[in-house]
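Written below as structure tokens is the structure these notes are about.
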Amino acid sequence: MKKVGFIGTGVMGVSIVRHLLKKGYSVTVYNRTKSKAEPLIEEGARWAESPLELTNQSDIVFTMVGYPKDVEEVYYSEQGIFNGNVEGKVLIDLTTSTPSLAMKISETAKEKGAATLDAPVSGGDLGAEKGTLTIMVGGEEETFNQVKDILEVFSASMTLHGPSGSGQHTKAANQIMVAGTMTGITELMIYAKRAGLDLEKVSETVNGGAGRNWSLENYAPRIINDDYSPGFFVKHFIKDLGIALDEAERMGIDLPATRRAKELYDQLKDAGYGNDGTQSLVKLWWNK
Ligand code: NAP
């Protein structure tokens, strides 16, 4: 069985590593804050002191950190992946990052005899917990086929969208859609509450008709229960919308609705809610 390295044991990483351990993989982990990896170490994961050390001990290296700058750091810093022995290995970035960084990593890897995939995911913290994530992949088909079995351990579906960067482009498109469903659910809640309706009944009814969507199914219950914990951090959604808007601008497209969604989330972060879950957008209107 291939030896797996996993860098970034946050909300998503912890659940994914847990699935890999349960499946019997030998997993080495590294995270900036070691305490977040400790439950996994107790469950059988090994700890590495740096991305470099982790790379030397692994056949496949996963990264799932926060921002593109974090991806850049774990790959290119002195103690980074690329200063380890990467020859013949597969490097898979699950972080939502930029298409250009995915292409740069792929180029560097090629020079060093390694293969890469950009493989951002969708499905949220619950998707990671249940092992039912959707994976959007960019890279070579041969590499994809080589690691399908391990990606299957924590996903319900995966699709190769094209060369390096295509996974990140697909994720950007996904986040453009989610910008719409998150602002939609927020304004639905504000309206229904002001109209004196039962929020639970309203979301159930809407989910039975044409308004049905993942955000409403998964986040309406959290809003109704006053649960604003992440889930998916506001600060990360702002990062994702920034990536989508930058890429759109580069391609000469204007996305006014996505731009407005980002403005609202920026406002939410400025109000101090950057570390809440994205369902906390309702707080711009009501602060219970
Ligand atoms: P998170 O809880 O912040 O996890 C990120 C982890 O990466 C943290 O534990 C962090 O360490 C670690 N990290 C960051 N920079 C690092 C570095 N330079 N070296 C080592 N470790 C580093 O975030 P998350 O919710 O798991 O999300 C991770 C990524 O997946 C993000 O790009 C996010 O946009 C994407 N994503 C999230 C969801 C979701 O619903 N949560 C869904 C799809 C995609 P510290 O503990 O020190 O902060």
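The values are calculated or read from the model by the stated rules, or taken from the named source; none is laboratory data. On a predicted model such as this, the values are computed, not experimentally measured, just so you know. Quick reminder, even Gly has a Cβ in these numbers, built from the backbone with ideal geometry, and neighbours come from all protein chains shown. Areas reflect the complete protein model, heavy atoms only, side chains present, ligands, DNA and RNA absent. Shrake-Rupley method; radii C 1.70, N 1.55, O 1.52, S 1.80 Å.
Can you report the number of residues in region 121-180 which are closer than 22 Å to residue 257 by Cα, part of a helix (DSSP H, G or I) and open to solvent by less than 50 Å² (accessible area, probe 1.4 Å)? Break it down into steps so the answer makes sense when it comes.
Keep residues of region 121-180 that are closer than 22 Å to residue 257 by Cα, which gives 122, 168-180.
Still in the list and also part of a helix (DSSP H, G or I): 168-180.
If we keep only those that are open to solvent by less than 50 Å² (accessible area, probe 1.4 Å) too, we end up with 168, 170-172, 174-175, 178-180.
Number satisfying all stated conditions: 9.
Which one is nearest to the ligand (Cβ to nearest atom) among residues in region 59-92 that are open to solvent by 10 Å² or more (accessible area, probe 1.4 Å) and within 21 Å of residue 145 (Cβ to Cβ)?
So, considering only residues that are open to solvent by 10 Å² or more (accessible area, probe 1.4 Å) and within 21 Å of residue 145 (Cβ to Cβ), the one nearest to the ligand (Cβ to nearest atom) is 89.
Return yes when residue 189 is within 14 Å of the ligand (Cβ to nearest atom) and part of a helix (DSSP H, G or I) and no when it is not.
For residue 189, the condition - within 14 Å of the ligand (Cβ to nearest atom) and part of a helix (DSSP H, G or I) - is not met.
Among the residues of region 12-45, write down those that are basic (Lys, Arg) and more than 19 Å from residue 135 (Cα to Cα). Quick ask: steps written out before the conclusion?
Applying the first criterion (basic (Lys, Arg)) to region 12-45 yields 18, 22-23, 32, 34, 36.
Residues satisfying the conditions are 22, 32, 34, 36.
Please find, among 208, 252, the residue that is at pLDDT 95 or above, more than 26 Å from residue 68 (Cβ to Cβ) and open to solvent by 40 Å² or more (accessible area, probe 1.4 Å).
Numbers: 252 fails: more than 26 Å from residue 68 (Cβ to Cβ).
208 is the lone residue from the list that is at pLDDT 95 or above, more than 26 Å from residue 68 (Cβ to Cβ) and open to solvent by 40 Å² or more (accessible area, probe 1.4 Å).
If you take the residues in region 181-203 that are in contact with a helix residue (DSSP H, G or I) (Cβ under 6 Å, 6 or more places away or on another chain) and either on the phi > 0 side of the Ramachandran plot or in contact (Cβ under 8 Å) with a residue 60 or more places away in the chain (or both), which one is most open to solvent (accessible area, probe 1.4 Å)?
Taking the candidates together, the pick is 183.
Can you pull out the residues in region 19-55 that are crowded, with 16+ Cβ neighbours inside 10 Å and assigned to a helix (DSSP H, G or I)?
19, 20, 21, 36, 37, 40, 51, 52, 53, 54, 55
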